[in-house]
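Heads up, the thing below is written out as structure tokens.
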Amino acid sequence: MRLQAMGRMRRVTAAAMLAMTVSGLALVAHTPALAQEPALVGPAWTAADKAYAAYQAKDYATAAAQAREALRLRPDVARLWLLLMDALDAQGSVAESVAAAKDAIAAGVQDPTLTARLRSQSKVLAQAPSLAANKALEARNPKAALVEIRKAIALVPDDLSYRVLLIYALIADDQIEAAEQAATAAISVDPKSFLPQVLRGYLRERLGRLNEANQDFDSALTDEVLTGPDARDVRLVIADAAIAAGNPRRALKIL
């Protein structure tokens, strides 16, 4: 019964992840204008001028070095951080560019363009560990999968698909309580999504927390996007849980 429920949840998961990917591609590629910043003067201006000149000349190593020098003097200037990121990107150093963006935010820089680039580049870096996690799960090595998926989550903590993959890896490693906690964390990332609620309900049923499981299931069924085959599979998962808990009446009601 539980194997059937897991199979159904995996089908629902695949459909939900595809929907999130499509919606992510629809984001508007608009870059807001940088806020007005105090003018660069003195040594900071000199270093910045050299950095821009080096970048134009495609001397990206020098551009990065001079941008860092300018930022040492003026860490509040967002456009210098973006120049540093451009220079690092041009050298193929995406990880260093992400680190630079995090340094900028730590320095108090609040710029929408920089924040958007940090997110997009972090997603690029997260692809490799997430792929490795999937391969490890296919090879029935959940412990290796856990190491990799946690790397992806550290890079993009608000990506629901990575959170869901963590839940499956914990289930595969028979860490049911940890999986339930991971499902709770996933719900905090997207409180309106039915998927982590169904997963947490399934896990709470396995832990014997039946009232809480039913609350999660009932909440999941209120998701407006839950229609068609997905709705059918979710209802079957909930019905399986009810039967496993010795409550056939609830199973009939759900179906």
Residue satisfying condition, being touching a Lys or Arg at 6+ places or on another chain (Cβ under 8 Å) and either under 29 Å from Lys135 (Cβ atoms) or among the hydroxyl-bearing types (Ser, Thr, Tyr) (or both), within set Ala169, Ala185: Ala185
Can you name the condition, by its number, that Ala185 falls short on among (1) of a type in the set (A, V, I, L, M, F, W, C); (2) modelled with pLDDT of 95 or more; (3) under 24 Å from Ala251 (Cβ atoms)? (3)
Listed by first then second residue, the pairs whose first member lies in the stretch 201-218 and is outside the structural domain of Pro191 (by TED's automatic domain parsing), whose partner is exposed (fewer than 15 other Cβ atoms within 10 Å of the Cβ), with beta carbons under 9 Å and at least 6 positions apart or on separate chains, are none
Taking the options Leu34, Leu71, Leu18, Leu40, name whichever one is farther than 29 Å from Leu165 by Cβ, out of contact with any Ser or Thr (no Cβ under 8 Å at 6 or more places or on another chain) and modelled with pLDDT under 95. Leu40
Quick one: how many residues across the stretch 223-251 are surrounded by fewer than 18 Cβ atoms within 10 Å (Cβ to Cβ) and at pLDDT 80 or above? 1
Just wondering, is there one or more residues in the stretch 213-221 that are at pLDDT 80 or above and either among the basic types (Lys, Arg) or at positive phi (or both)? no
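The values are calculated or read from the model by the stated rules, or taken from the named source; none is laboratory data. Keep in mind it's a predicted model, so treat the numbers as computed, not measured. So basically every Cβ, Gly included, is an ideal-geometry build from the backbone, and we count neighbours across all protein chains shown.
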